[in-house]
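The values are calculated or read from the model by the stated rules, or taken from the named source; none is laboratory data. Since the model is a prediction, treat every value here as computed from it, not as a measurement. For neighbour counting, all protein chains shown are included, and Cβ atoms are generated from backbone atoms with ideal geometry for every residue, glycine included. Surface accessibility is based on the protein's heavy atoms, side chains included, excluding ligands, DNA and RNA. Shrake-Rupley method; radii C 1.70, N 1.55, O 1.52, S 1.80 Å.
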Amino acid sequence: MLPCVCWLQPVLMVLTSVFWTRGENCPATCLCPDPHTVDCSGRGLTHLPDEIPLDVRRLLLADNWIPRIPSDFLVLYSDLVYLDLRNNTLSYIEPGTLSTSSRLVFLDLGSNNLTEIPKGTFGESRSLIKLRLGNNPYLSMVSEDAFLGLTSLRELELERNALSSLKVGALSQLPSLRVVRLEGNPWVCNCNFANLFAWLMENSHKLPNGVEDMECSLPMDGRRVSLTQLSKDSFRECQASLTLTDLLIIIFSGISVSVVAIMTSFFLASTVHCFQRWSKGSKGDEEESEE
């Protein structure tokens with residue numbers, strides 16, 4: 001009996017592995033190497049798979065053709081900590097879609113077709129530690145409040161996108177940020193880049209290779225230069241220049257002051273005129289009473 005049992009042991013192990021890999025709770029086109037992992041990578045999927053176990057913790061969906069994530073997709077997956085969606089065809093993430101997963105630690109949206117990251121995309125995913133958004137060739141806009149509330153985020157990847165500028169507030173609102181990748185973007189060395197340049201020089205230790213890997217194009221001739229060739233003096237003219245917003249504020253303030261001055265003058269003139277008429281009337285009454 002003992003030799004028989006020894007012979008059956010590897011067979012039972014294989015059957016157990018097959019059970020977890022193709023179990024009842026595993027989507028038909030995916031693999032489940034353990035009870036909390038669903039691996040659907042490289043399956044040619046054009047939509048999210050059905051019947052994903054509710055207790056999934058690691059969901060791997062890389063290298064497919066998935067174009068969108070339903071806004072309520074993560075409502076039921078409260079245990080999800082690892083989500084890999086790289087190399088799909090995602091073009092837009094509806095605000096709030098990812099905020100319902102309170103335990104999400106790792107999120108990879110790299111190598112997709114994202115065009116913008118608006119405010120509220122991630123809600124306040126306070127557990128998120130690593131966020132990959134690199135290699136999105138059409139990503140040209142990141143809202144200043146795109147990452148607001150990500151208080152635990154340590155690593156942010158925005159390399160090789162289509163960003164020509166980025167508001168400093170998008171980075172300064174991340175208190176736990178340790179690593180940020182921004183190389184490979186078509187940055188433009190204009191006044192919109194001045195504040196970001198100052199932030200990069202002060203936080204170069206957060207860049208994997210410092211500013212050596214970063215370039216920007218000169219606005220006059222489009223020539224690409226390394227950030228190591230620039231300094232704060234390169235943006236000296238930006239300190240004295242006024243933006244369109246500044247000019248509008250100045251114009252509006254001037255108009256407001258003028259209107260207030262006119263109204264005040266009119267009020268004072270009316271008051272003086274009324275006082276003079278009242279004074280003349282009082283004198284007339286006194287003269288009539290004396291007669």
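Per-structure values
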| quantity | calculated |
| --- | --- |
| Whichever residue in the stretch 204-232 is over 20 Å from E159 (Cβ atoms) and touching a residue at least 24 places away in the same chain (Cβ under 8 Å) and, among such residues, is least open to solvent (accessible area, probe 1.4 Å) | L218 |
| In the stretch 116-145, the residues that are of a type in the set (F, W, Y) and open to solvent by less than 50 Å² (accessible area, probe 1.4 Å) | F122 |
| Tally of residues being open to solvent by less than 30 Å² (accessible area, probe 1.4 Å) and part of a loop (DSSP other than H, G, I, E, B) across the stretch 163-175 | 3 |
| All positions within the stretch 187-203 that are touching an Asp or Glu at 6+ places or on another chain (Cβ under 9 Å) and either surrounded by fewer than 15 Cβ atoms within 10 Å (Cβ to Cβ) or modelled with pLDDT of 95 or more (or both) | W187 |
| Residue tally, condition open to solvent by 10 Å² or more (accessible area, probe 1.4 Å), of a type outside the set (V, I, T) and assigned to a loop (DSSP other than H, G, I, E, B), over the stretch 150-160 | 3 |
| Breaking point among (1) under 11 Å from the mean Cα position of the chain (by Cα); (2) under 27 Å from P186 (Cβ atoms); (3) at pLDDT below 95, for Y92 | (1) |
